[in-house]
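For reference, the structure is listed below as C-alpha cells.
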C-alpha cells in the first residue's frame, strides 16, 4: 500500500523528466501493453514528442506485459541493448 500511496509523488516530477528527455535525448525503448488498464496505451504516445528517436512498440497484452509476452519483449530489449551498449 505504501508503494501505491507513494505513486502520487511521481506526477509533479513529470515536467522535469520531460525536460531532461528533450535536452539529452537518451536512447529509449518503450515496450507497452496496448491493453493495459492501469497505464493505458494513450499514455505511451506522448513520449514521442520529447524523444523523436524513441523505439516504440505496442504489444498485444495488458499491464503485466513482460510476464505475459516475454517471448516478444525479450528480443526487442536484447536487440536494443546490443545496439546501444555497443555504440
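Criterion first (modelled with pLDDT of 95 or more and surrounded by fewer than 16 Cβ atoms within 10 Å (Cβ to Cβ)) does residue 46 satisfy it? Considered against the rule, which asks whether it is modelled with pLDDT of 95 or more and surrounded by fewer than 16 Cβ atoms within 10 Å (Cβ to Cβ), residue 46 comes out as no. Looking only at the stretch 22-43, decide whether some residue is at pLDDT below 95, assigned to a helix (DSSP H, G or I), in contact with a helix residue (DSSP H, G or I) (Cβ under 9 Å, 6 or more places away or on another chain) and surrounded by 13 or more Cβ atoms within 10 Å (Cβ to Cβ). No; the residues of the stretch 22-43 include none that is at pLDDT below 95, assigned to a helix (DSSP H, G or I), in contact with a helix residue (DSSP H, G or I) (Cβ under 9 Å, 6 or more places away or on another chain) and surrounded by 13 or more Cβ atoms within 10 Å (Cβ to Cβ).
Give the residues of the stretch 65-79 that are at pLDDT 95 or above and within 13 Å of the chain's Cα centre (by Cα), sorted by residue number. 73, 76, 77 - these are the residues of the stretch 65-79 that are at pLDDT 95 or above and within 13 Å of the chain's Cα centre (by Cα).
For residue 74, the conditions (1) touching a helix residue (DSSP H, G or I) at 6+ places or on another chain (Cβ under 9 Å); (2) without any contact (Cβ under 8 Å) to a residue 24 or more places away in the chain; (3) within 25 Å of residue 7 (Cα to Cα) all hold with the exception of (3).
The values are calculated or read from the model by the stated rules, or taken from the named source; none is laboratory data. Keep in mind it's a predicted model, so treat the numbers as computed, not measured. Glycine also receives a Cβ, built like all others from the backbone with ideal geometry; neighbour counts cover every protein chain displayed.
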